[in-house]
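Chemist: Just passing along the structure, written as structure tokens.
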Amino acid sequence: MQDLRMLMPHSKADTKMDRKDKLFVINEVCEMKNCNKCIYFEAKKKQDLYMWLSNSPHGPSAKFLVQNIHTLAELKMTGNCLKGSRPLLSFDPAFDELPHYALLKELLIQIFSTPRYHPKSQPFVDHVFTFTILDNRIWFRNFQIIEEDAALVEIGPRFVLNLIKIFQGSFGGPTLYENPHYQSPNMHRRVIRSITAAKYKEKQQVKDAQKMKKKEPKTVLPHDPTADVFVIPAEEKPIEIQWVKPEPKVDLKARKKRIYKRQRKMKQKMNSGNTK
């Protein structure tokens with residue numbers, strides 16, 4: 001949220017809402033702040049983040065599930081831009097193909113584009129916001145425009161918006177569009193748990209089957225008379241009885257050691273006689 005506030009100089013922050021309050025209270029807050037567009041973040045179960053984009057107070061509004069969030073501090077990209085500068089908005093051509101994407105495109109343009117001659121904005125255009133549709137989701141990226149060759153270097157942050165519903169009013173009202181491909185985080189976690197449980201059950205069934213096989217009595221097959229057809233009997237060697245004791249083997253190493261000791265003793269005797 002802080003990264004988006006830095007990228008949008010025309011934004012006005014407000015305190016956290018109480019969970020007991022209804023979402024229609026946000027329209028009153030927008031009226032007090034003199035705002036006609038609103039981004040509201042709603043966290044649930046300390047692990048799921050939802051984003052509301054609303055045109056206050058008459059609507060329409062859209063609810064998204066925010067996925068794959070990466071902040072500026074986390075990414076540490078090499079790109080950089082002037083704080084408060086105006087961004088270019090780049091949209092995927094798929095936004096013009098379907099009516100609900102065309103509605104979201106207009107809503108994103110009105111929220112993320114900086115108003116002209118806004119006092120907190122800088123008169124420079126040095127970065128671009130890209131909105132791409134892939135896998136029925138909207139992917140947000142922020143790139144720096146390098147002046148020399150107009151190359152793009154990513155700055156951050158980055159996140160993915162998974163559309164849930166589009167409402168006619170602001171934070172409610174009749175449903176204009178409902179995403180048929182949307183799967184709630186609870187259902188997603190449930191599917192993952194069921195897959196892991198199925199793998200565990202399969203392993204347990206294999207182990208039980210192996211135990212049952214070990215307990216079963218082994219079937220003894222009758223002797224097949226044709227099994228020994230190609231077996232060639234080995235030649236019988238004559239039995240030789242040795243009556244004479246074999247000669248002991250000469251240990252050459254021990255013999256060399258004895259000869260070496262004799263020579264050494266002879267040299268010592270010769271040396272002692274010469275000294276006398």
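The values are calculated or read from the model by the stated rules, or taken from the named source; none is laboratory data. It should be emphasised that the depicted structure is a prediction, and the values quoted were computed from it without experimental measurement. Cβ coordinates were reconstructed from backbone atoms using ideal geometry, including for glycine residues, and neighbour counts include every protein chain displayed. These accessible areas exclude ligands, DNA and RNA; they are computed on the full protein's heavy atoms, side chains included. Shrake-Rupley method; radii C 1.70, N 1.55, O 1.52, S 1.80 Å.
Chemist: Within a Cβ distance under 12 Å of ALA13, other residues only, what is the Lys/Arg minus Asp/Glu net charge? Show your work: numbers first, answer last.
Modeler: Working: positive: ARG5, LYS12, LYS16, LYS33; negative: ASP14.
Charge balance in the 12 Å sphere: +3.
Chemist: Anyone know which of MET32, MET51, MET212 comes out most mobile in the 10 Å Cα GNM of the chain?
Modeler: Result: MET212 has the largest fluctuation of those listed.
Chemist: Continuing with this model, one more query. Any chance you could run the full-extension gain for GLU235 through LEU103? It's 0.36 nm times the residue separation minus the Cα-Cα distance, nm to one decimal.
Modeler: Working: separation 132, 0.36 × 132 = 47.52 nm, distance 9.52 nm.
Extra length available between GLU235 and LEU103 comes to 38.0 nm.
Chemist: Any idea which of PHE129, SER61, PHE41 is furthest toward the positive side of the dipole for the stretch 1-186, if Lys and Arg beta-carbons carry +1 and Asp and Glu beta-carbons -1?
Modeler: PHE41
Chemist: Roughly speaking, what is the stretch gain from ILE195 to LEU75, that is 0.36 nm per residue apart minus the C-alpha to C-alpha distance, in nm to one decimal?
Modeler: Working: separation 120, 0.36 × 120 = 43.20 nm, distance 3.20 nm.
Between ILE195 and LEU75, full extension yields 40.0 nm more.
Chemist: A further question follows. Under 26 Å Cα to Cα from LYS213, which lysines show up? Leave out anything in the same chain fewer than 8 places away.
Modeler: LYS213 reaches LYS199, LYS201, LYS203.
Chemist: Once neighbouring chains are kept in place and the probe is 1.4 Å, which whole percent of the accessible area of the stretch 1-186 is contributed by carbon and sulfur?
Modeler: Working: 5870 of 11030 Å².
Accessible surface attributable to carbon and sulfur in the stretch 1-186 totals 53 percent.
Chemist: OK, next. Of GLY173, PHE112, TYR101, whose Cα points farthest to the positive end of the dipole of the stretch 92-239 (charges on the beta-carbon: +1 Lys, Arg; -1 Asp, Glu; origin at the Cα centre)?
Modeler: The one lying farthest along the dipole's positive direction is GLY173.
Chemist: Once the mean 1/r over all distinct Cα pairs of the stretch 1-186 is inverted, what Kirkwood radius in angstroms do you read off? Present the calculation step by step, with values, prior to reporting the outcome.
Modeler: On the way: mean 1/r = 0.0575 Å⁻¹.
Computed over the stretch 1-186, the radius equals 17.4 Å.
Chemist: Using unit Cβ charges (K, R positive; D, E negative) and no other charged atoms, how large, in debye to the nearest 20, is the dipole of the chain about its Cα centre?
Modeler: Values: 49 positive and 30 negative charges, 819 e Å.
Its charge dipole is roughly 3940 debye.
Chemist: Under 10 Å, Cα contacts only: if you run a Gaussian network model on the chain, which one of ASP208, ASP224, ASP126 comes out with the highest mean-square fluctuation?
Modeler: In the Gaussian network model the winner is ASP224.
Chemist: What net charge do the residues around LEU49 carry, taking every other residue with its C-beta under 13 Å from that of LEU49, with Lys and Arg at +1 and Asp and Glu at -1?
Modeler: Counting the neighbours of LEU49, the net charge comes to +2.
Chemist: Given springs between every Cα pair under 10 Å in a Gaussian network model of the chain, which of GLN144, GLN242, GLN205 has the largest fluctuation?
Modeler: GLN242
Chemist: While we're looking at this one, here's another question. Count the lysine pairs in the stretch 21-61 that are 8 or more places apart or on different chains: how many have C-alpha atoms under 21 angstrom apart?
Modeler: On the way: LYS22/LYS33; LYS22/LYS37; LYS22/LYS44; LYS22/LYS45; LYS22/LYS46.
Eligible lysine pairs with Cα atoms under 21 Å apart amount to 5.
Chemist: Could you please report the charge total around LEU163, scoring K, R as +1 and D, E as -1 over all other residues with beta-carbon less than 13 angstrom from its beta-carbon?
Modeler: On the way: positive: LYS63, LYS105, ARG137, LYS165; negative: ASP135, GLU178.
It works out to a net charge of +2.
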